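First the structure, in the form of structure tokens, and then the observations on it.
The values are calculated or read from the model by the stated rules, or taken from the named source; none is laboratory data. For clarity, every value in this text was computed on a predicted model and none was experimentally measured. Quick reminder, even Gly has a Cβ in these numbers, built from the backbone with ideal geometry, and neighbours come from all protein chains shown.
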């Protein structure tokens with residue numbers, strides 16, 4: 001067995017990378033030697049030496065998983081990458097291409113002729129081709145589509161026709177279907193003759209003559225039943241199925257809720273058109289997580305790292321404008337107290353501290369709220385208890401750290417009243433920030449919005465203005 | 001087939017909830033009526049009516065998935081929840097308990113006798129019991145463990161003995177093992193007699209007499225092979241296996257890398273001890289994502305929403321202290337320019353704008369860097385190109401929005417030189433923030449740290465101080 005040991009594995013990959021590089025440079029040396037010879041001897045030497053090294057390299061590569069070959073290709077210089085790529089067979093190239101990082105894939109596709117790409121695509125299945133299509137130059141993509149047989153072509157086209165984020169766009173086509181009037185024996189005979197059985201054969205789908213889905217049949221039940229048992233009696237007619245236009249987000253939560261590993265996908269006429277598997281769901285969830293992270297700071301999900309500067313700059317304007325507006329409002333709060341600042345200019349230096357610590361505390365409460373809502377730990381019944389606790393924490397930490405800052409401020413400015421202002425305003429700021437940190441996500445959730453996306457921005461906008469107001473207000477009351 | 005239609009499904013659940021509530025309140029009315037009767041007639045009526053309603057309720061519940069019954073239980077008042085819980089059978093209760101939100105589960109466990117819980121646990125398998133154990137009061141957990149047969153007991157204990165975040169803690173025990181000297185026919189016969197075949201039977205594991213793992217056998221290959229074929233020749237001896245002490249994070253990335261659905265887990269002696277399945281990996285990834293979110297704002301992953309206030313307050317001190325330190329440093333930068341502020345007090349009102357917009361822009365670049373590193377879109381070769389682009393965006397947006405703010409400032413203060421300060425400092429601030437946003441995650445990544453966790457804090461600390469310095473510095477140069 002091949003043990004996936006966590007450190008050894010990374011070391012394995014690095015070692016393989018080194019081995020490949022050594023083999024590649026040996027081949028370069030050989031080519032160099034050969035160049036200097038001439039005539040028939042040159043051909044002979046070239047053939048002998050190069051064949052030997054290529055064979056050694058190919059043996060090394062054959063032992064690797066396509067994902068690992070992709071790792072090697074990503075981590076070697078472009079010229080060596082081309083040498084290695086030339087040694088791979090078409091079926092290997094196809095799977096590796098799908099595993100590669102975008103930049104490297106582009107680079108390799110660019111170096112291949114149209115014919116090479118058509119050859120390579122002929123070894124991929126429909127859903128793999130659908131995955132590759134958007135990454136090819138348009139004319140090449142059309143050539144690839146044109147070269148497929150009609151059945152594959154229509155599958156690829158239907159996969160491409162579903163909008164991103166729908167179940168249809170995630171489904172695959174490698175599934176096995178049986179009829180409900182078959183017996184267990186019929187099914188086993190049918191499967192034995194089936195040419196392209198998928199590697200994960202834990203269930204098959206039961207359809208009628210019109211292609212309408214009637215149930216899911218577990219292989220477990222096929223194996224442990226009498227040969228004469230009717231499939232109709234054995235199948236699960238209640239299994240969860242999805243429609244092509246269901247949202248993938250909903251499907252992902254159904255997979256989690258019902259612990260599904262795969263589920264059939266039907267069209268509007270209840271005809272079986274594909275299957276959705278958990279590995280696709282997992283990829284989709286990763287994508288959504290990445291997207292949420294970008295949206296949180298106001299970037300579009302399809303922000304291209306190397307798009308033209310001007311386009312990217314413009315894409316960020318809405319967010320910049322929003323942020324400038326809230327910052328401007330906070331600045332107007334400060335302007336209210338210009339009189340106080342003119343008299344005690346130190347206030348200007350201290351005010352950012354109070355605003356910053358408020359934002360920090362509020363964001364901690366926001367994070368707990370978001371997790372609590374997601375895991376259903378926070379309910380209508382216990383929300384009050386949660387808010388009370390967070391406000392308690394705000395009070396304690398406001399008092400503790402307010403005292404600390406009061407002492408620090410005293411040692412800088414030797415002004416007891418300024419220390420007092422610092423302490424009181426930190427107390428009030430942490431207290432209100434904790435309250436806001438609980439109420440803002442709760443309000444967004446009640447309004448049916450995703451609290452992950454808006455909470456932090458709203459909170460920081462509020463805590464900035466409030467922090468300035470509390471600090472400068474307290475100062476004006478106490479100092480003047 | 002049961003279609004999981006995204007809106008209909010939610011509606012289904014709400015409808016079921018309503019139906020259950022109606023049935024429950026009818027039962028309450030019946031109980032009320034019955035209370036007022038007396039003697040033998042009372043028992044008769046009670047029996048008749050209550051049985052009828054209970055049967056109707058139970059029929060409704062039987063059609064639901066345990067996860068959906070959990071949903072209903074979570075969303076009805078505590079007294080009705082008890083009534084419903086009483087109608088469920090022990091095997092049902094066990095699975096539902098694992099699906100429930102923490103607070104509701106605690107509530108139900110608290111209302112059950114020790115004997116009830118023992119009964120319920122007897123219907124769970126070892127990995128489910130291991131999952132339930134930490135949620136039971138300690139003495140009850142020991143009782144449950146004591147009541148298991150020796151085989152189950154040792155499995156539960158071994159599952160509990162692995163540290164969180166290891167493969168051992170995630171593995172399950174419901175797997176089928178065969179010997180390598182069996183034939184295909186032997187395997188099929190063996191499986192037919194196997195009592196507890198797992199529902200997902202896509203592969204079985206091949207071990208020797210000593211329990212040592214030799215390979216993985218796909219059911220697909222069993223089905224399409226001749227009865228006499230030796231398992232030794234059919235199994236995959238190169239399949240990826242994990243050790244109990246491998247890190248679950250590494251396992252999760254291996255599952256993604258090699259598109260695994262399940263993998264065998266072995267101990268130090270290469271003996272097969274369990275199996276790790278993709279649904280557990282998915283749950284684990286969700287947990288990690290939640291944990292990262294909390295860590296990002298300086299909370300511990302096991303932060304309990306309802307822990308004592310004082311403990312929670314103290315848990316947040318390190319982070320608060322760190323934040324106060326950086327805020328204090330930023331405040332010292334402002335203090336450097338107190339002379340300028342004393343002369344033009346407006347500077348105090350405008351300075352937070354520049355710091356805030358710098359933080360915002362920098363965090364956008366950080367988010368792109370983190371995604372780029374995770375998806376391997378950013379490499380050593382193209383990092384320069386990425387930084388150049390982000391700095392370009394910083395320059396363009398600094399110029400555009402600097403002009404906007406210059407105009408706004410002019411209409412408030414009618415001071416051309418102040419507008420000039422605003423424009424120049426926004427330009428410089430956005431430019432440097434973009435640069436920092438690229439370099440900070442890159443540096444953390446090169447140092448082997450996770451850029452997700454530290455980048456934002458470091459960035460905001462830097463952009464605050466830099467923002468104040470740039471704005472007040474420019475003002476001092478231009479205005480005086």
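The table for this structure:
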{"item": "Matching residues, the range A:174-201, being in contact with a strand residue (DSSP E or B) (Cβ under 7 Å, 6 or more places away or on another chain), modelled with pLDDT under 90 and closer than 17 Å to residue A:261 by Cβ", "result": "A:175, A:199"}
{"item": "Unmet requirement for residue B:250, which otherwise passes all of (1) part of a loop (DSSP other than H, G, I, E, B); (2) farther than 30 Å from residue B:433 by Cβ; (3) facing another protein chain (nearest Cβ under 7 Å)", "result": "(1)"}
{"item": "Answer from B:378, B:370 - the residue that is assigned to a loop (DSSP other than H, G, I, E, B) and assigned by TED's automatic domain parsing to the domain that holds residue B:465", "result": "B:378"}
{"item": "The range B:396-425 - residue that is within 9 Å of chain A (Cβ to nearest Cβ) and within 28 Å of residue A:334 (Cα to Cα) and, of those, surrounded by the most Cβ atoms within 10 Å (Cβ to Cβ)", "result": "B:397"}
{"item": "Residue selected from the range B:30-87 under the condition more than 42 Å from the chain's Cα centre (by Cα) and crowded, with 17+ Cβ neighbours inside 10 Å, by the criterion modelled with the lowest pLDDT", "result": "B:34"}
{"item": "Filter result for the condition that a residue is within 29 Å of residue A:238 (Cα to Cα), at pLDDT below 80 and touching a helix residue (DSSP H, G or I) at 6+ places or on another chain (Cβ under 6 Å), over B:104, B:20", "result": "B:20"}
{"item": "Breaking point among (1) assigned to a loop (DSSP other than H, G, I, E, B); (2) more than 24 Å from residue A:169 (Cβ to Cβ), for residue A:299", "result": "(2)"}
{"item": "Qualifying positions in the range A:304-328 - in a loop (DSSP other than H, G, I, E, B) and surrounded by fewer than 18 Cβ atoms within 10 Å (Cβ to Cβ)", "result": "A:304, A:306, A:307, A:308"}
{"item": "All positions within the range A:218-238 that are over 32 Å from the mean Cα position of the chain (by Cα), surrounded by fewer than 16 Cβ atoms within 10 Å (Cβ to Cβ) and assigned to a loop (DSSP other than H, G, I, E, B)", "result": "A:226, A:227, A:228, A:237"}
{"item": "Search result, residues across the range A:281-297 that are more than 8 Å from chain B (Cβ to nearest Cβ), closer than 18 Å to residue B:360 by Cα and touching a residue at least 12 places away in the same chain (Cβ under 8 Å)", "result": "A:292, A:295"}
{"item": "Options B:170, B:201, B:191, B:197; residue that is closer than 30 Å to residue A:197 by Cβ and in contact (Cβ under 8 Å) with a residue 60 or more places away in the chain", "result": "B:170"}
{"item": "Count - residues of the range A:342-366 that are crowded, with 24+ Cβ neighbours inside 10 Å, within 29 Å of residue B:307 (Cα to Cα) and within 7 Å of another protein chain (Cβ to nearest Cβ)", "result": "5"}
{"item": "Given (1) under 28 Å from the mean Cα position of the chain (by Cα); (2) closer than 28 Å to residue B:214 by Cβ, number of the condition residue B:154 does not satisfy", "result": "(1)"}
{"item": "Any hit, the range B:437-447, residues being part of a loop (DSSP other than H, G, I, E, B) and assigned by TED's automatic domain parsing to the domain that holds residue B:398", "result": "yes"}
{"item": "Any hit, the range B:372-388, residues being facing chain A (nearest Cβ under 7 Å), surrounded by fewer than 20 Cβ atoms within 10 Å (Cβ to Cβ) and on the phi > 0 side of the Ramachandran plot", "result": "yes"}
{"item": "Qualifying positions in the range B:329-339 - surrounded by 21 or more Cβ atoms within 10 Å (Cβ to Cβ) and assigned to a helix (DSSP H, G or I)", "result": "B:330, B:331, B:333, B:334"}
{"item": "Verdict on residue B:215 being in contact with a strand residue (DSSP E or B) (Cβ under 9 Å, 6 or more places away or on another chain) and assigned to a loop (DSSP other than H, G, I, E, B)", "result": "no"}
{"item": "Residue check, residue A:335 more than 21 Å from residue A:460 (Cα to Cα) and free of Cβ contacts under 8 Å to residues at least 12 places away in the same chain", "result": "no"}
{"item": "The range A:52-71, residues that are touching a residue at least 24 places away in the same chain (Cβ under 8 Å) and either in a loop (DSSP other than H, G, I, E, B) or within 13 Å of another protein chain (Cβ to nearest Cβ) (or both)", "result": "A:64, A:66, A:67, A:68, A:69, A:70, A:71"}
{"item": "Any hit, the range B:369-385, residues being closer than 19 Å to residue B:353 by Cβ and in contact (Cβ under 8 Å) with a residue 12 or more places away in the chain", "result": "no"}
{"item": "Odd one out for residue A:320 among (1) facing chain B (nearest Cβ under 7 Å); (2) over 35 Å from the mean Cα position of the chain (by Cα)", "result": "(2)"}
